[in-house]
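Q: Would you mind keeping the following structure in view while I ask a few things?
The values are calculated or read from the model by the stated rules, or taken from the named source; none is laboratory data. What you see is a predicted model; the values in this text were computed from it and never measured. Note that each Cβ is placed from the backbone with ideal geometry, even for glycine, and that neighbours are counted across all protein chains shown.
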Amino acid sequence: MNTVVEAPLWGREVEVGRVQGHASRLYTHRPRSVGALLRDARRWQGGRTFIVEGERRLSFGAFEAAVARVAVQLQTRGVGTGERVVLLAYNSIEWLAAFWAVQSLGAVAVLCNAWWSAQETAEAIADVEPRWVLADALAKRGLQHAPNVIDMATVREWVDGGERHALPPPPDVSEDALAIIMFTSGTTGRAKGALMSQGGVVANLQNLLVLTGRLPSEMAPDAPGTVSLLTVPLFHLAGVQVSISTLLTGGKLVLLEGRFDAAAVLRLIEQERVRVWGSIPTMVSRVLEHPDIGQHDVSSLRSIPMGGSAISPELRARIPQVFPGVKKSVGSLYGCTEAGGILAAGSADDLRERPGCVGKPLPVVELRIVNADAQGVGEIQARTPTVTLGVWGEAEAATDSEGWVRTGDLGRFEGGYLFLSGRSKDIVIRAGENIACAHVEQCLLRHPAVQEVAVLPLPHADLGEEVAAVVLVREGQSVTADELATHAQSLLGKFEVPSRWWLRRDPLPTNATGKIAKAELKANWLGD
C-alpha cells in the first residue's frame with residue numbers, strides 16, 4: 001500500500017509559473033491564501049503568548065478564538081468573500097483581530113491611514129464603498145453618524161467575549177484574488193489604494209521568512225519565538241509584514257500603546273526582553289537621544305530592521321554603541337508598495353563594503369534597469385509575484401504586458417548588487433510617511449492668496465525629510481505662513497502640513513516644458 005506524503009506548506013525551491021497572466025518566479029511550496037496563514041500558526045499552540053498590549057496578553061489559541069468571534073459577528077452582518085471592510089484605527093489587538101477575521105472570510109481588508117483628516121477619510125471611504133468601516137475616534141474622523149460604521153470599542157467587546165466559535169471554513173479564493181487594499185500617497189494627488197492579491201501578500205512574507213531563515217516548516221515545535229516590538233502603524237506594509245511574520249514563527253508581538261514615545265519603547269524593550277524592533281530611522285534616533293537611554297537594560301535587543309526613509313551612516317554606527325546586543329551594523333531592505341513588498345536585501349557586510357548598496361534581489365524577484373545613462377543609472381523595474389494588481393478605481397494594470405512594474409526609483413547594478421541613486425517620485429518621506437507633494441499643493445491652491453505653489457522635501461535631522469512649501473503670493477493679497485498652515489490643517493493630516501515656508505512675490509522658476517523647477521528651488525533654499 002502506497003503512503004501518500006503531503007507536500008510541505010512552505011519551501012525554498014523556486015519554479016517558473018504564471019501570475020496575473022505573466023511569467024514569474026514562484027516558490028514551489030507555498031500557502032495559497034492569507035487566511036490559510038492563521039491556521040498554519042496553530043503549530044504554536046500550548047499557551048505560548050502571541051500578543052501583548054499594555055496589561056492585555058493573548059496566547060495563540062486565545063487570539064484565534066478572538067478572531068473567530070469577530071469573524072462570526074462580521075459574517076452575520078453580510079461580510080463574505082470579496083466584500084470590502086475598512087480598518088481605520090491605531091494599532092491595537094482589535095485591529096489585528098479584525099484583519100484576520102476579514103481574511104478568514106475571504107473578504108478584502110482596506111487599510112486606511114489613521115492620521116488622515118476627516119475630509120481625506122471621507123474621500124477614501126466614498127471611493128471604496130465598503131460593506132463596513134471598523135474605526136476608532138469616530139468624532140475625530142467625522143464618522144459618528146455614518147450608518148455602516150462599527151466602533152472599535154464594539155470590536156473589543158467581541159474580542160474579549162467568552163463565546164466559543166470555530167473559524168469559518170477556509171474560503172475558496174484564487175491566488176490572484178484581492179486580499180488587501182493598502183492606501184498609500186501617490187505622486188499626483190490624493191492617496192491611492194494599491195491592490196494586493198492573496199498570492200502576492202503570501203509571496204512577500206515567504207521572501208522575508210526565507211531571508212531570515214525562519215520558514216515555519218523548518219522550525220522545531222519547541223523553537224523559541226522572537227519577541228518583536230512594533231512601533232510602525234499596522235496600516236503600513238511594514239506593520240503587516242512584522243505582525244504576520246511574528247505570528248507565523250511563534251513569536252511574541254509587543255504593541256506600543258498610544259502615540260510613539262521613546263521612554264515607553266525603552267521600558268518595553270527591558271520589560272518584555274525585546275529581540276527585534278522593526279522601526280523607522282526617526283523613531284530610532286529619538287530613542288537614542290532620550291535622556292533615560294542609560295537607565296534601562298536593553299541587552300536583549302539583537303536586531304533593528306529599518307525602512308521608510310534613508311538611514312544615515314552616523315545612525316548605523318551609533319546603534320551598536322548604544323544597543324550592545326546589536327553587534328553588527330544594520331542591514332538594508334529595499335522595496336516599494338507598487339511592487340507589493342521587499343525586492344532586495346543586503347547584509348551589514350554588503351553595505352560596509354559597497355556604499356550606496358541595498359543588496360541583491362530576493363529569490364523570486366527579477367530586477368532590471370531601464371533607460372540607463374552613461375553611468376548605468378536608470379529606472380528600476382521589477383517582476384515578482386508580489387506585484388500589486390493595480391490601483392483601486394483605475395483600469396490600468398500595475399505592470400506592462402510582460403509583467404514588469406515601474407518602481408519610480410533610480411539605480412544601477414554592479415557585481416549583482418543593486419545601488420540606489422534617488423527616486424523619481426514627487427513625494428516627501430517624513431518620519432516614514434509618504435506624502436504626495438501634489439496633494440498638498442492642491443490643498444494650498446484653494447487659499448485665495450496663493451497663486452502658485454511648489455511642495456518639496458527638505459532634509460531634517462530627526463524626521464529624515466520635512467514638508468516645505470514655496471508659495472507665490474497673489475498680487476494685491478497678503479498672507480502669513482501661520483495663516484497658510486491653519487488653512488492646510490483644515491484639509492490635511494497633521495503630518496502633511498508644511499513646516500517650512502518660503503513666501504515669494506516673484507514667479508516660481510520653470511523648466512523648458514513649463515513645469516516648476518523644484519530642483520532649482522530646493523538648491524536655492526538650501527543655499528540660503
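Q: Looking at Gln451, is it in a helix (DSSP H, G or I) and surrounded by fewer than 19 Cβ atoms within 10 Å (Cβ to Cβ)?
A: No; evaluated as a whole, the condition is false for this residue.
Q: Within segment 48-57, can you find the residues that are touching a residue at least 24 places away in the same chain (Cβ under 8 Å) and surrounded by fewer than 21 Cβ atoms within 10 Å (Cβ to Cβ)?
A: Of everything in segment 48-57, those that are touching a residue at least 24 places away in the same chain (Cβ under 8 Å) and surrounded by fewer than 21 Cβ atoms within 10 Å (Cβ to Cβ) turn out to be Arg48, Thr49, Val52, Glu53, Gly54, Arg56.
Q: Exactly one of (1) in contact with a Gly (Cβ under 8 Å, 6 or more places away or on another chain); (2) assigned by TED's automatic domain parsing to the domain that holds Leu37 is unmet by Arg302. Its number?
A: (2)
Results for (1) modelled with pLDDT under 90; (2) farther than 26 Å from Leu288 by Cβ, shown as yes or no for each residue.
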| residue | (1), (2) |
| --- | --- |
| Gly416 | no, yes |
| Ala436 | yes, yes |
| Gln442 | yes, yes |
| Val455 | no, yes |
| Leu458 | no, no |
| Leu492 | no, yes |
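Q: Now, a different point. May I ask you to say which residue of Gln45, Gln75 is surrounded by fewer than 18 Cβ atoms within 10 Å (Cβ to Cβ), farther than 26 Å from Asp136 by Cα and not acidic (Asp, Glu)?
A: Result: Gln45 is the single residue among Gln45, Gln75 that is surrounded by fewer than 18 Cβ atoms within 10 Å (Cβ to Cβ), farther than 26 Å from Asp136 by Cα and not acidic (Asp, Glu).
Q: Name the residues in segment 418-433 that are at pLDDT below 85 and assigned to a strand (DSSP E or B), would you?
A: Leu420, Ser421, Gly422, Arg423, Ile427, Glu433
Q: Restricting the search to segment 1-27, which residues are at pLDDT 85 or above and over 30 Å from Ala98 (Cα atoms)?
A: Residues satisfying the conditions are Arg12, Glu13, Val14, Glu15, Val16, Gly17, Arg18, Gly21, His22, Ala23, Ser24, Arg25.
Q: Here's another thing I want to ask about it. Just to be sure before I move on: is Ile244 on the phi < 0 side of the Ramachandran plot and out of contact with any helix residue (DSSP H, G or I) (no Cβ under 6 Å at 6 or more places or on another chain) in the structure I sent?
A: When the stated conditions are applied, Ile244 does not pass them.
Q: While we're here: The conditions are (1) surrounded by fewer than 20 Cβ atoms within 10 Å (Cβ to Cβ); (2) in a loop (DSSP other than H, G, I, E, B), and Asp349 fails exactly one of them. Which is it?
A: Exception for Asp349: condition (2).
Q: Could you say whether any residue in segment 225-243 is more than 13 Å from the chain's Cα centre (by Cα), assigned by TED's automatic domain parsing to the domain that holds Gly35, within 17 Å of Tyr27 (Cβ to Cβ) and surrounded by fewer than 23 Cβ atoms within 10 Å (Cβ to Cβ)?
A: No, because not a single residue in segment 225-243 is more than 13 Å from the chain's Cα centre (by Cα), assigned by TED's automatic domain parsing to the domain that holds Gly35, within 17 Å of Tyr27 (Cβ to Cβ) and surrounded by fewer than 23 Cβ atoms within 10 Å (Cβ to Cβ).
Q: In a strand (DSSP E or B), crowded, with 23+ Cβ neighbours inside 10 Å and among the small types (Gly, Ala, Ser): is that true of Ala97 in this structure?
A: no
Q: Filtering segment 352-373 down to residues that are hydrophobic (A, V, I, L, M, F, W, C) and outside any strand (DSSP E or B), which residue is farthest from Val16 (Cα to Cα)?
A: Ala372
Q: Given the conditions (1) modelled with pLDDT under 90; (2) touching a Lys or Arg at 6+ places or on another chain (Cβ under 8 Å); (3) assigned to a helix (DSSP H, G or I), which single one is not true for Ala238?
A: With respect to (1) modelled with pLDDT under 90; (2) touching a Lys or Arg at 6+ places or on another chain (Cβ under 8 Å); (3) assigned to a helix (DSSP H, G or I), Ala238 is out only on (2).
Q: Mind telling me which of the residues Ala36, Ala41, Ala68 ends up being assigned to a helix (DSSP H, G or I), in contact with an Asp or Glu (Cβ under 8 Å, 6 or more places away or on another chain) and assigned by TED's automatic domain parsing to the domain that holds Ile244?
A: Result of the check over Ala36, Ala41, Ala68: Ala41.
Q: I'm trying to understand the selection: among the residues of segment 140-161, which are part of a loop (DSSP other than H, G, I, E, B) and under 24 Å from the mean Cα position of the chain (by Cα)?
A: Lys140, Arg141
Q: Follow-up question, since we're still on this one. Any residue at all in segment 264-277 that is in contact with a Leu (Cβ under 9 Å, 6 or more places away or on another chain), in a helix (DSSP H, G or I) and touching a residue at least 60 places away in the same chain (Cβ under 8 Å)?
A: yes
Q: Do we find a residue being closer than 21 Å to Gln119 by Cα and not in a loop (DSSP other than H, G, I, E, B) anywhere in segment 496-515?
A: The answer is yes; a qualifying residue exists.
Q: To continue, here is another question. Pick out the one residue from Val287, Val254, Val274 that is modelled with pLDDT under 95 and either in contact with a Ser or Thr (Cβ under 6 Å, 6 or more places away or on another chain) or buried (at least 16 other Cβ atoms within 10 Å of the Cβ) (or both).
A: That would be Val287, the only listed residue that is modelled with pLDDT under 95 and either in contact with a Ser or Thr (Cβ under 6 Å, 6 or more places away or on another chain) or buried (at least 16 other Cβ atoms within 10 Å of the Cβ) (or both).
Q: Here's another thing I want to ask about it. Within the set of pairs 6+ apart or on separate chains, which have a first residue in segment 472-485 that is touching a residue at least 12 places away in the same chain (Cβ under 8 Å), a second that is aromatic (Phe, Trp, Tyr) and outside any loop (DSSP other than H, G, I, E, B), and C-beta atoms under 8 Å apart?
A: Close Cβ pairs (under 8 Å, with a partner that is aromatic (Phe, Trp, Tyr) and outside any loop (DSSP other than H, G, I, E, B)) amount to Ala481/Trp501; Leu484/Trp501; Ala485/Trp501.
Q: Right, something else. Could you grab me the full set of residues in segment 374-386 that are in a loop (DSSP other than H, G, I, E, B) and surrounded by fewer than 22 Cβ atoms within 10 Å (Cβ to Cβ)?
A: Matches in segment 374-386: Ala374, Gln375, Gly376, Val377.
Q: Another one. Somewhere in segment 259-267, is a residue buried (at least 22 other Cβ atoms within 10 Å of the Cβ), at negative phi and among the aromatic types (Phe, Trp, Tyr)?
A: Checked segment 259-267: no residue is buried (at least 22 other Cβ atoms within 10 Å of the Cβ), at negative phi and among the aromatic types (Phe, Trp, Tyr).
Q: Test each condition in (1) closer than 28 Å to Gln241 by Cβ; (2) out of contact with any Phe, Trp or Tyr (no Cβ under 9 Å at 6 or more places or on another chain); (3) surrounded by 14 or more Cβ atoms within 10 Å (Cβ to Cβ) for Asp172 and report the one that comes out false.
A: Only one criterion in (1) closer than 28 Å to Gln241 by Cβ; (2) out of contact with any Phe, Trp or Tyr (no Cβ under 9 Å at 6 or more places or on another chain); (3) surrounded by 14 or more Cβ atoms within 10 Å (Cβ to Cβ) is unmet by Asp172, namely (3).
Q: Regarding Gln103, is this residue surrounded by fewer than 22 Cβ atoms within 10 Å (Cβ to Cβ) and either touching a residue at least 24 places away in the same chain (Cβ under 8 Å) or not aromatic (Phe, Trp, Tyr) (or both)?
A: Answer is no for this residue.
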